[in-house]
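Just below is one structure, and these are the notes that go with it.
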Amino acid sequence: MIELAASILSADFARLGAEAQAAVEGGATVLHVDIMDGHFVPNLTIGPPVVASLRRVSRVPLDCHLMIEHPDEFIPVFAEAGVDWISVHQEACTHLDRTLHLIASHGCKPGVVINPATPIHVLDEVLPLVHHVLVMSVNPGFGGQTFIPSSLQKIETLAKVRDSRGLQFRIEVDGGVHHDTVATIVRAGAEILVAGSAVFEEGNPREGARRLLESAIGTGASAVPLET
Ligand code: DX5
Ligand code: ZN
């Protein structure tokens, strides 16, 4: 079962609520919220007040992708702002086990993210703790970048490791998920497809989401149904 997590990074922030709602109407069942601090990644985005506003206008799960240093200091405020899932970068966490437990203790689903240069095996010890593993298929910081093909191998390996260890985590992919790449990404085993520019860049998020899901489902995969 696949689902689309629309990344609001590429939305028109002056019309954030309406754009997010349009993506959901087009089939997105998760909203992916990118939090950047200008240190861990060379860009800045939004903080808890904007997330809290988004929470008030949308019922779908908010998937908070923290691209920040010292994430432990901010997990409580993002949980308070109403996010459902929180993922942290393995590269940003000295005490990753503790951080994942902290996320769960605030009632959110914990996820771990790895950059393109980080191998899967560094996650061996934490895989039983996470709700999702997010494979970055671009170097984080910006929307609209080109998919890095070696990410496909990482997705395949993760799916095999999950089967062989009898684990439950979901596999999410983020970066360069577009109409021309999504089919191979789904075939590799990704289940949660984060897409920003593919959904929002043409100014019609409902249609962008619908078309991307159509390309993904063309692989024979089925999508999580829309809430009615
Ligand atoms: C990049 C972010 C992504 C970004 C993806 O660092 O984590 O979520 O929005 O953008 P696209 O889908 O345009 O590659
Ligand atoms: Zn992201």
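Throughout, read-outs are computed from the coordinates displayed, never taken from laboratory work. None of the values given here were measured: they were computed from a predicted structure. Note that we place each Cβ from the backbone using ideal geometry, even for glycine, and neighbour counts take in every protein chain shown.
Annotations
- Here's the picture: charge each Lys and Arg Cβ at +1 and each Asp and Glu Cβ at -1 in the chain, and of Ile68, Asn139, Ala18 the one pushed furthest to the positive end of that dipole is Ala18.
- Å³ per residue enclosed by the Cα convex hull of region 112-210: 96
- Measuring how big the chain is from its alpha-carbon positions, Rg and Dmax come out at 16.0, 46 Å.
- Charge dipole (Cα centre; +1 on Lys/Arg Cβ, -1 on Asp/Glu Cβ; no other charges) of region 15-103 amounts to roughly 360 debye.
- Mean separation of Cα contacts under 8 Å, 6 or more apart, over the residue count of region 85-228: relative contact order %: 17
- Using a Förster distance of 35 Å, the FRET efficiency for Asn139-Ala104 (Cβ separation, nearest 0.05): 0.80
- Calculated on alpha-carbon atoms, Rg and Dmax of region 165-217 in Å: 12.0, 43
- With a cut-off of 14 Å on the backbone N, the residues of region 139-157 near the modelled label site 7 Å out from Val50 along Cα-Cβ are 141-143.
- Whole-number percent relative contact order across region 42-122, with pairs defined as alpha carbons under 8 Å at least 6 apart: 28
- GNM result for the chain, Cα springs below 10 Å: residue of Asp84, Asp124, Asp63 fluctuating most strongly: Asp124
- Pairs of alpha carbons in region 57-147 whose separation is greater than 20 Å (percent): 33
- Fraction of C-alpha pairs exceeding 23 angstrom in region 1-94: 21 percent, rounded to a whole number.
- Peptides 8-14, 185-191, 54-60 ordered by packing proxy, namely the average of other Cβ atoms within 10 Å per residue, highest first: 185-191, 8-14, 54-60.
- Within region 27-114, percent of DSSP bridges classed antiparallel, to nearest 5: 5
- Region 1-42, Cα convex hull volume normalised per residue, Å³: 82
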